[in-house]
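> Below is the structure I would like to discuss, written out as structure tokens.
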2 protein chains.
Amino acid sequence: MDAPVLNNGPTCSDCPIRHRAVCARCDVDELEQLEKIKYYRSFEAGQTIVWSDDKMDFVGSVVTGIATLTQAMEDGRTQMVGLLLPSDFVGRPGRDGSPYDVVATSDVVMCCFRKRPFEQMMQETPHIAQRLLEMTLDELDAAREWMLVLGRKTAREKIASLLSIIARRDPQQMNAPRPGAVVFDLPLTREAMADYLGLTLETVSRQISALRRDGVIALEGKRHVTVPDMRRLLDEAGDDSDGGHLN
Amino acid sequence: MDAPVLNNGPTCSDCPIRHRAVCARCDVDELEQLEKIKYYRSFEAGQTIVWSDDKMDFVGSVVTGIATLTQAMEDGRTQMVGLLLPSDFVGRPGRDGSPYDVVATSDVVMCCFRKRPFEQMMQETPHIAQRLLEMTLDELDAAREWMLVLGRKTAREKIASLLSIIARRDPQQMNAPRPGAVVFDLPLTREAMADYLGLTLETVSRQISALRRDGVIALEGKRHVTVPDMRRLLDEAGDDSDGGHLN
DNA sequence: CGACTAATTGATACACTTCAAATTCCGTGG
DNA sequence: CCACGGAATTTGAAGTGTATCAATTAGTCG
């Protein structure tokens with residue numbers, strides 16, 4: 001179950017998530033300190049990174065890949081409660097374990113910090129605590145946004161909402177066939193989408209087919225999605241006019 | 001729309017939320033500083049404390065009463081995304097407004113801090129930032145817990161979950177007729193419960209009636225609830241055995 | 001006591017689930 | 001390169017839980 005531990009990763013200064021992760025505000029001195037307590041771990045797609053309620057001896061950031069935060073009931077009903085993309089933080093300073101399973105959806109590389117030294121450093125380094133607070137507040141907003149999706153949206157709106165979110169932060173929008181269009185790959189199986197949306201996988205499949213029939217999206221294979229008109233998709237998601245961003 | 005501003009409230013040292021609010025870790029010196037930038041505001045039941053996306057010039061803590069965080073779609077569908085009890089924090093340092101409506105459900109007294117000075121003080125006072133991080137992480141856990149309720153639980157389980165949560169933190173459990181039993185008043189209308197649970201008010205009403213018929217709860221009037229066997233209620237909520245606590 | 005709002009209850013409709021089968025996708029080995 | 005096999009996905013048919021629409025009843029405040 002243990003992932004390989006790599007000590008000779010990239011240095012912080014050329015880390016791809018240097019400016020968005022928990023270390024974003026650190027200056028060079030502080031980075032140097034972090035270097036001392038950090039190590040890299042790799043996980044293969046499907047591997048569990050953290051089991052719920054297990055003791056965690058580290059915290060860390062997703063460097064590459066995608067992971068999910070998942071909660072399950074005894075009878076097997078499962079709800080995804082978070083999607084972890086590069087730069088997102090895993091673990092909770094001040095607590096021993098995660099109440100959720102953390103599972104690698106693709107191959108994942110994590111930048112880990114031993115927990116005690118990291119907590120120690122948080123006390124002494126306001127830049128880290130500040131950034132972590134900011135990130136946590138953002139996650140809280142995202143979680144609440146998602147509560148509206150889960151509680152009040154129809155299946156079709158749920159799918160459109162999920163596609164919007166993925167489209168918005170997928171960095172592949174350069175190859176768009178024309179302005180306003182967006183292209184991306186789904187990082188999730190139908191089942192994972194269902195667990196995120198509080199639906200069954202059959203319903204997910206049906207609604208994706210319906211959106212395709214209606215021309216809101218186009219599919220090549222099962223995973224590659226083209227959105228010809230982002231505004232249309234946002235409209236289907238039921239959010240106000242343009243959701244604040246467009247591209 | 002402006003609530004009365006009271007300057008001569010209780011001093012921090014005999015504040016009822018002194019040890020649970022954002023100021024919990026402050027020492028006497030720090031409290032003295034806070035005193036200088038704090039003021040009290042009162043709101044009547046039903047009043048809106050903050051309108052979504054309006055500029056907020058303060059942050060603060062609920063001292064007494066109950067408020068809700070609410071998100072709405074254009075067509076009127078509404079989802080409650082948070083329940084604010086005494087000691088809970090309102091507002092986001094570093095942001096101008098709240099993305100949610102904050103509404104007083106009962107009469108509410110808030111301890112407010114002018115935003116700029118508070119943000120300033122956060123920089124200088126690790127005790128405040130630390131406590132705020134801790135509270136935000138707790139809220140994030142609660143929000144994720146609620147995502148499971150919204151996404152995967154049945155109407156009956158949703159009601160039982162809500163009653164469990166209210167019962168757990170209502171401080172009135174002394175008058176329980178016998179050990180294991182719990183008595184409390186519902187602080188929410190059926191409609192507010194529906195908005196919290198992602199249901200209609202009719203479904204809420206039906207499920208409460210069903211739980212009453214089945215002896216899981218007893219009602220006097222519409223608001224006063226007796227839970228003869230807390231374990232039974234937790235069971236109906238679908239949570240594992242005893243949910244970690246039992247009184 | 002009467003008017004207004006909150007809550008209950010009933011009947012029907014429909015969105016989503018469930019159970020089942022067919023099809024497509026995709027890596028593996030011949 | 002193509003054929004094979006298992007998993008992922010799609011599609012179909014029927015069932016069910018919750019929403020919707022519509023009265024009725026209970027509770028509350030003037």
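> Restricting to the stretch B:127-152, name every residue that is more than 8 Å from chain A (Cβ to nearest Cβ) and not hydrophobic (A, V, I, L, M, F, W, C).
Hits for the stretch B:127-152 are B:HIS127, B:ARG131, B:ASP138.
> Next question. Which of the residues that make up the stretch A:215-225 are of a type outside the set (Gly, Ala, Ser) and either under 14 Å from A:ILE165 (Cα atoms) or within 12 Å of DNA strand D (Cβ to nearest atom) (or both)?
Selection gives A:ILE217, A:LEU219, A:GLU220, A:LYS222, A:ARG223, A:HIS224, A:VAL225.
> Within the stretch B:201-214, work out how many residues are within 24 Å of the chain's Cα centre (by Cα), farther than 15 Å from B:LYS153 by Cα and within 12 Å of DNA strand D (Cβ to nearest atom).
Number of matching residues: 3.
> Would you tally the residues in the stretch A:95-126 being in contact (Cβ under 8 Å) with a residue 60 or more places away in the chain and within 11 Å of chain B (Cβ to nearest Cβ)?
The total comes to 1.
> Right, next: Can you pull out every residue in the stretch B:51-77 that is at the interface with chain A (Cβ under 9 Å from one of its Cβ atoms) and crowded, with 20+ Cβ neighbours inside 10 Å?
Residues satisfying the conditions are B:LEU69, B:GLN71.
> On the given criteria, is A:ARG116 within 30 Å of A:GLN33 (Cα to Cα), away from DNA strand C (no atom under 16 Å from the Cβ) and loosely packed, with under 15 Cβ neighbours inside 10 Å?
The answer is yes for A:ARG116.
> Applying the selection to the stretch A:78-94, what residues are closer than 19 Å to A:PRO187 by Cα and at the interface with chain B (Cβ under 10 Å from one of its Cβ atoms)?
Of everything in the stretch A:78-94, those that are closer than 19 Å to A:PRO187 by Cα and at the interface with chain B (Cβ under 10 Å from one of its Cβ atoms) turn out to be A:THR78, A:GLN79, A:MET80, A:VAL81, A:GLY82.
> Can you tell me which condition A:ARG178 does not meet? The list is (1) away from chain B (no Cβ under 14 Å); (2) crowded, with 20+ Cβ neighbours inside 10 Å, and all the others hold.
So the condition that A:ARG178 fails would be (2).
> Taking B:THR200 as meeting all but one of (1) surrounded by 23 or more Cβ atoms within 10 Å (Cβ to Cβ); (2) closer than 30 Å to A:ASP195 by Cβ, write down the number of the exception.
For B:THR200, the exception is condition (1).
Conditions (1) of a type outside the set (Ser, Thr, Tyr); (2) outside the structural domain of A:ALA24 (by TED's automatic domain parsing); (3) modelled with pLDDT of 95 or more, marked per residue:
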position	(1), (2), (3)
A:VAL50	yes, no, yes
A:SER61	no, no, yes
A:THR68	no, no, yes
A:VAL81	yes, no, yes
A:ASP88	yes, no, yes
A:MET110	yes, no, yes
A:HIS127	yes, no, no
A:LEU140	yes, no, yes
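> Got a sec? Which of A:LEU132, A:LEU150 is closer than 22 Å to A:LEU85 by Cβ, within 16 Å of DNA strand D (Cβ to nearest atom) and either surrounded by fewer than 17 Cβ atoms within 10 Å (Cβ to Cβ) or not acidic (Asp, Glu) (or both)?
The conditions single out A:LEU150.
> Then there's this: Checking the condition at negative phi and touching a Leu at 6+ places or on another chain (Cβ under 8 Å), which residue from A:LEU148, A:LEU85, A:LEU162 passes?
A:LEU162
The values are calculated or read from the model by the stated rules, or taken from the named source; none is laboratory data. If you're wondering where the values come from, they're calculated on a predicted model, not measured in any experiment. Backbone-built Cβ (ideal geometry, glycine too); neighbour counts: all protein chains shown.
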